[in-house]
Amino acid sequence: MTVSVMIKRTLTNQDQVRNLAPLIVKLRSLATTQPGYITGRTFRRLDDPSEFLVMSTWNSLDDWNRWLKSDQRVELQKQVDTLLGKETTYRVYESLAGGIIP
């Protein structure tokens, strides 16, 4: 069963975008080579340009968890969280076919 992961990051000031962007690009580039990665998109909130949302889709929760815990990702994520001054939040969702009842 596929899962979608929502990753929310909020900047404390706009100057951080210059430093954050290369880290997000590197995370995305590495994610695309991971087993189970399907696709991903990055969004910037229109009414609050300091908030970014990354949505990625994985073949399974196990695939996502392997990537989440990988040494490469953990090291880059530490850099992101240090830059932001707080931990990134993650939410994992399952796809429901035909409505709201699994």
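Consider segment 28-53 and keep the residues that are among the small types (Gly, Ala, Ser) and outside any loop (DSSP other than H, G, I, E, B). The one that is surrounded by the fewest Cβ atoms within 10 Å (Cβ to Cβ) is Ser29. Residues in segment 1-27 that are open to solvent by less than 80 Å² (accessible area, probe 1.4 Å) and either assigned to a loop (DSSP other than H, G, I, E, B) or free of Cβ contacts under 8 Å to residues at least 24 places away in the same chain (or both): Thr2, Leu11, Asn13, Val17, Ala21, Pro22. Among residues of segment 72-100 being assigned to a helix (DSSP H, G or I) and open to solvent by less than 30 Å² (accessible area, probe 1.4 Å), the one that is nearest to Pro35 (Cα to Cα) is Arg73. Contact annotation: residue pairs with Cβ atoms under 6 Å, 6 or more positions apart or on different chains, pairing a residue in segment 34-47 that is without any contact (Cβ under 8 Å) to a residue 12 or more places away in the chain and within 17 Å of Leu20 (Cα to Cα) with a partner that is of a type in the set (Asp, Glu) and surrounded by fewer than 16 Cβ atoms within 10 Å (Cβ to Cβ), are Arg45/Glu51.
How do the pairs read when you match residues in segment 54-71 that are outside any strand (DSSP E or B) with residues anywhere that are modelled with pLDDT of 95 or more and charged (D, E, K, R), using Cβ under 8 Å and keeping only pairs 6 or more apart or on different chains? Every condition considered, the pairs that remain are Trp67/Arg73.
The values are calculated or read from the model by the stated rules, or taken from the named source; none is laboratory data. Since the structure is predicted, the reported quantities are computational estimates derived from the model, not experimental observations. All Cβ positions, glycine included, derive from the backbone under ideal geometry; neighbour counts span all protein chains shown. Heavy atoms of the whole protein, side chains included, go into the accessibility calculation; ligands, DNA and RNA do not. Shrake-Rupley method; radii C 1.70, N 1.55, O 1.52, S 1.80 Å.
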